[in-house]
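In what follows, a structure is listed as structure tokens, so that the remarks can point back to it.
Read-outs: derived from the displayed coordinates by stated rules, not from any lab. In this text the structure is predicted, and so the values were computed from the model without any measurement. Using ideal geometry, Cβ is built from the backbone for each residue, glycine included, and neighbour counts are taken over all protein chains shown.
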Amino acid sequence: MTSSTKNLARVRDFVGKRAAESGFDESTINQIILSVDEACTNIIKHAHRYDENETIEIETSFENGQFKIVLNYKGKSFDPNGIENPDMKEYFSSFKVGGLGVPIMKKFMSKIEFDRKNSNTNCLTLIKIIHS
């Protein structure tokens with residue numbers, strides 16, 4: 001997809017459909033969708049700086065009870081695993097807006113992997129394990 005917030009609805013539909021096909025319940029599907037939406041928004045905003053000439057390649061797979069969403073993109077790298085969760089009491093008392101995308105992804109996904117493939121290509125993988 002081109003790197004634009006205008007495409008996020010299509011991403012949400014695509015990921016939601018694939019998660020449903022993998023057997024997740026509605027609540028978990030919504031958590032996955034929100035996590036992918038946050039990840040794509042961060043890429044659009046921070047890695048691509050709203051440059052609609054950039055792209056995000058999205059792949060999904062389901063194997064051995066693991067649903068994987070792989071986001072490949074060029075630009076500034078960012079490993080969400082290096083971000084500490086904010087102190088929520090302090091966050092709300094200072095009336096901050098934004099900055100909760102990474103904590104949301106960490107809460108709702110089973111695992112997040114980041115790989116810098118080369119000097120300009122990044123791979124962010126969000127994994128949700130289905131529990132029977």
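Placing pseudo-labels 7 Å out from each Cα toward the beta carbon at residue 131 and residue 20 gives an inter-label distance of 2.4 nm. For residue 76, a cut-off of 16 angstrom between C-alpha atoms picks up these lysines, skipping any fewer than 8 places away in its own chain: 45, 117. For region 103-117 versus region 19-54, the spacing of their alpha-carbon centroids is 11 Å.
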